[in-house]
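The structure appears right after this line, and notes come after that.
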Amino acid sequence: MKTKELSNTIKSLLAGDKGLLAMDESTGTCNKRFEEAGIPQTIEYHRAYREMIVTAPGLGKCISGAILFDETIHQATKEGVLFIDILKKAGIVPGIKVDEGTTDLAGFPGEKITLGLDGLKERLARYYQLGLRFAKWRAVISISSVLPGRGCIEANMHALARYAALCQEAGIVPIVEPEVLMDGPHDLKKCFDVTSRVQHVLFDQLYGQNVNLKYLILKPNMVLPGLSNPKPASIDKVAEATVNCLLQSVPAMVPGIAFLSGGQSAELATAHLNAMHVNFKGKLPWALTFSFARAIQQPAMELWKGKDENVAVAQKMLYHRASLDNAARRGEYTPEMERVFV
Ligand code: 5MM
């Protein structure tokens, strides 16, 4: 195993108060977000959008790594400079989403299994040659009165563990993402119980597949009430439930945890991360950071609207959101800082 290289990549990804930018929306997800924002859904608009992101001034001061989609790694600016090269020049490690989406899990109505293990070894070798040094695989777990089923959790966590083992063998740091979805009326406790169960099974499977816990980053959901639960939880309560859940299930050997935002507003995702740092200062065995997609990109996408004349203001917003997440990592974020962008 290329332990030195894996360890250096992890150090870069977790450095200082920086975090990861997930810009790995697959074609379907990207088109869905463009449609909602009134942006034409073509490959050229995907390219222009990603150019706006990777050329945002100062991005490298806030972002340590960017997760890309396969389409994006072959794309370049209008001047012909590859996005991967722009990121590297800005000091941002380029990474790649290697799962191939989800499909219905046979035998488990309403549940999904993530695809992409076939041929993964060869794809990882190609990605390594292209200079990509970390990867991401997302498993999706739903909550309902009867879900998730044990078979769904086990199948998905087994796939995550096999993916992680292949990544480490290839010299690529695996970002391991078991996402418990926010959809549904469930309460905070239900999310806590399911997230805890999922993470226990995950670490059992990682152990079973000889994955070295020192060379991976966990990308979990925060512990939150479901989106249609009428009773919101306070910021401190979410921070407490999330950290306690992680303390129960994530070994101290894991170097870092980078949260997904999962459909929370950008402001709330930032405030929750901040509260974890304020309330648990000095008590956490791992680095706690962010790997947001929507919570960093969404406000910028809404300003960009697919128009050249909006690029500069959208880039400022992207930088603004990422720098607020840096402040949250330091435990220094306040809602008043939201107003600095006008
Ligand atoms: C959960 O999604 C990941 C984090 O994004 P949010 O912070 O918005 O929750 C994200 O990296 C996701 O995996 C990508 O957007 C790709 O999603 P699809 O559905 O296109 O594979």
Q | Share of pairwise Cα separations in segment 3-339, more than 29 Å, in percent | A | 34
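Quick one: work out the % antiparallel among DSSP beta bridges in the chain, nearest 5. The partial results should precede the final answer.
Values: 4 of 34 bridges.
Just about 10 percent of them are antiparallel.
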Q: At 7 Å along the Cα-to-beta-carbon direction for both E309 and D85, put a label point, then send me their distance in nm to one decimal.
A: 3.2
Q) Given the rule -39500 (n - 2.57) for each run of at least 4 DSSP H residues, summed and divided by the residues of the chain, what is its mean residue ellipticity at 222 nm, to the nearest 500 deg cm²/dmol? A) -14500 deg cm²/dmol
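If we sort 206-214, 262-270, 291-299 on the protection proxy, mean other Cβ atoms within 10 Å, highest first, what's the order? Intermediate results must be reported in sequence, preceding the final value.
Values: 206-214: 16.3, 262-270: 19.4, 291-299: 23.8.
Ranked by mean Cβ neighbours within 10 Å, highest first: 291-299, 262-270, 206-214.
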Q: Beyond 26 Å, what share of the Cα-Cα pairs of segment 81-203 is found? Please give it as a whole percent.
A: 30
Q: Identify all lysines with a Cα-Cα distance to K4 below 25 Å; exclude those on the same chain that are fewer than 8 residues away in sequence.
A: K18, K61, K88, K89, K97, K121, K136, K214, K219
**Q.** Residue order, fewest to most surrounding Cβ atoms within 10 angstrom, among T27, T195
**A.** T27, T195
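Report the full-extension gain for the segment K78 to E302: residue separation times 0.36 nm, less the Cα-Cα distance, to one decimal in nm.
On the way: separation 224, 0.36 × 224 = 80.64 nm, distance 2.19 nm.
That works out to 78.5 nm of additional length.
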**Q.** Cα centroid of segment 42-109 to Cα centroid of segment 132-148, whole Å
**A.** 20
Q: Stick to the Cα atoms of segment 1-159, pair each with every other, and give me the Kirkwood hydrodynamic radius in Å at one decimal.
A: 17.4
Q: Would you compute, for the Cα atoms of segment 224-268, the largest minus smallest coordinate along each principal axis and list the three values in descending order, in whole Å?
A: 37, 19, 16
Q.
For the pair L247/S144, report the inter-label distance in nm, with labels modelled 7 Å from Cα in the Cβ direction.
A. 3.5
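Give me Rg over Rh for segment 1-53, both radii from the alpha carbons and Rh done the Kirkwood way, two decimal places. Walk me through the intermediate numbers first.
Values: Rg = 16.2 Å, Rh = 13.5 Å.
Rg/Rh for segment 1-53 comes to 1.19.
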(Q) How much length would be gained if the chain were fully extended between D70 and E154, taking 0.36 nm per residue of separation minus their Cα-Cα distance, in nm to one decimal? (A) 27.5 nm
**Q.** segment 158-201-segment 220-246 distance, computed between alpha-carbon centres (Å)
**A.** 17
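Bear in mind that the values in this text are calculations on the coordinates, not laboratory data. These figures come from a predicted structure and were not determined experimentally. Positions of Cβ are backbone-derived with ideal geometry, glycine not excepted, and every protein chain shown enters the neighbour counts.
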